[in-house]
Amino acid sequence: MIGRSASVRFRDALAGWCCASRKGEAVKMRHPYEKRKVEAWEWCLTCEKPFPASDWQRADWDCPLCGSGTQNMWPWSTVRAANPAYPEQPERGVLYPLYPVRAASEGQASSV
Ligand SMILES: [Zn+2]
């Protein structure tokens, strides 16, 4: 146990550096066709499932699951704006419908 605090400081510094570089990558990634920033999570309008940006990139910006076109790739924040209950970090490949309350709100005609 030599220099425990020093090693903790080193570990924290390293962790901070790792995080910063990973965040930096996500922020720097840009959509090649739509000229916008790509978010860490992007969601598919066709299968209504989110995937990390790297999955989309590997699939040449088509949906990594259903192959839907790049125009159906939506930023996760857009889906969350309509569904505030959705988590900041979604689960990969899990169904997150854009309108999960559609059935419930059909009774209230004025809701949209
Ligand atoms: Zn899809």
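General remarks:
- In order through the range 90-98: 3J(HN,Hα) via Karplus (6.51 cos²θ - 1.76 cosθ + 1.60), integer Hz, x for Gly, Pro: x, 8, 4, x, 8, 6, 10, x, 5
- Spin-label pair VAL94/LEU45, simplified geometry with 7 Å Cα→Cβ offset, distance in nm: 2.5
- Cα-derived Rg over Rh, computed across the range 28-100 with Rh taken as Kirkwood radius: 0.92
- Between ALA82 and ARG58, the FRET efficiency estimated from the beta carbon spacing at R0 = 25 angstrom works out to 0.40.
FYI, it's all coordinate maths here, none of it is from the lab. Treat the numbers as computed from the prediction; the structure is a model and nothing was measured. For neighbour counting, all protein chains shown are included, and Cβ atoms are generated from backbone atoms with ideal geometry for every residue, glycine included.
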